[in-house]
Amino acid sequence: MGRHHEVRAAAMARTGKIKSALYARASKEAYMAALTGDPDPKTNLALRAVYDKYRGKSVPRDVFDRAIKKAQGGDKVAYVEGRYEAFGPGNSYLVIDTLTDNPNRALTTVRTEVVRKGGHLGSVMFNFTTIGALSFKGTNRDEVEETLILGDVDVQSVEDEDGTIYVTVTPEAFAKAKETLEGMGVTEFEESEVRLEPNEWVTIEDAEVKARFEELVDALDELEDVQNVAHNIEL
């Protein structure tokens, strides 16, 4: 069938793996949130946060529904959170968060992928800060900033680009910021989560090294135990 077909098939397979991993991450987070109380996201704030986090990533509703149903069943899964720090190709720093029922497997698979691309585990958290990030369609940047400040929200920045407003706040102010924005009429967020942000971004000039770094991130994203990968590379 030719090289073109092989390349296209490989790309489709890779896309399928990434999508499957994304659905698995959403399912595990929804499951954990549903265990904390009411299965209705309108009253369960933790579950609602999971819905909002993945809404902009095209995760189907039935992924959440199955996770909630599983949480309401008799068999419980003991998921354990983990965090691994690593040095990667091109002076890259990575923080890999896991949620797993097998911590030994999570550590082994994460370390294997990092070492395979020439990296190693090590302490890199000094280069990251935890922030609350929210983004949504809009052009009223000044109004958004003023409303948040008047609402006593600890705002770090409010920026607008191509019809999208990006808001960053301290992690402690995230819930209040989101509530304030919803009070302004924001109903859908493109991003709505507390996450790590690098204190300094780095650009990899060497194309081969950059490709190796991207392969590492893709490989980590596809691991069943990995929930999130934060890094300091400007792509």
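The values are calculated or read from the model by the stated rules, or taken from the named source; none is laboratory data. If you're wondering where the values come from, they're calculated on a predicted model, not measured in any experiment. Note that we place each Cβ from the backbone using ideal geometry, even for glycine, and neighbour counts take in every protein chain shown. Side chains included, ligands, DNA and RNA excluded: accessible areas come from the protein's heavy atoms. Shrake-Rupley method; radii C 1.70, N 1.55, O 1.52, S 1.80 Å.
With every protein chain kept in the model, how would you rank 150, 181 by accessible area, 1.4 Å probe, largest at the top?
Ranking 150, 181 by accessible area, largest first, yields 150, 181.
In terms of the Cα gyration tensor, with a ≥ b ≥ c the square roots of its eigenvalues, is the chain rounded because a/c is under 1.5, prolate because a/b exceeds b/c, or oblate?
oblate
Give the Cα extents of the range 77-192 along the principal axes, in whole Å, largest first.
48, 38, 23
Please list 149, 131 in order of solvent-accessible area, largest first, computed with a 1.4 Å probe with all protein chains present.
From most accessible down to least: 149, 131.
So, with a 1.4 angstrom probe, what is the percent of accessible area on the range 170-235 that is carbon and sulfur?
Here it works out to 44 percent.
At 1.4 Å probe size, with no ligands or nucleic acids counted, give the accessible surface of residue 197 in Å², nearest ten.
Only protein atoms counted, so the area is about 50 Å².
In terms of the Cα gyration tensor, with a ≥ b ≥ c the square roots of its eigenvalues, is the range 98-163 rounded because a/c is under 1.5, prolate because a/b exceeds b/c, or oblate?
Because a/c hits 1.5 or more and a/b exceeds b/c, the range 98-163 counts as prolate.
What is the magnitude of the charge dipole of the range 36-76 about its Cα centre, with +1 placed on the Cβ of each Lys and Arg, -1 on the Cβ of each Asp and Glu, and no other charges, expressed in debye to the nearest 20?
140
Under a straight-distance cross-link criterion of Cα-Cα below 27 Å, which lysines are reachable from residue 210, leaving out those fewer than 8 residues away in the same chain?
Excluding near neighbours in sequence, the set is 17, 19, 57, 117.
Would you pull out the residues with amide H under 5 Å of residue 129's amide H, same chain only if 5 or more places away, H placed 1.01 Å from N?
197, 199
Residues of the chain: accessible area per residue at 1.4 Å, in Å²?
Accessible area per residue: 56 Å².
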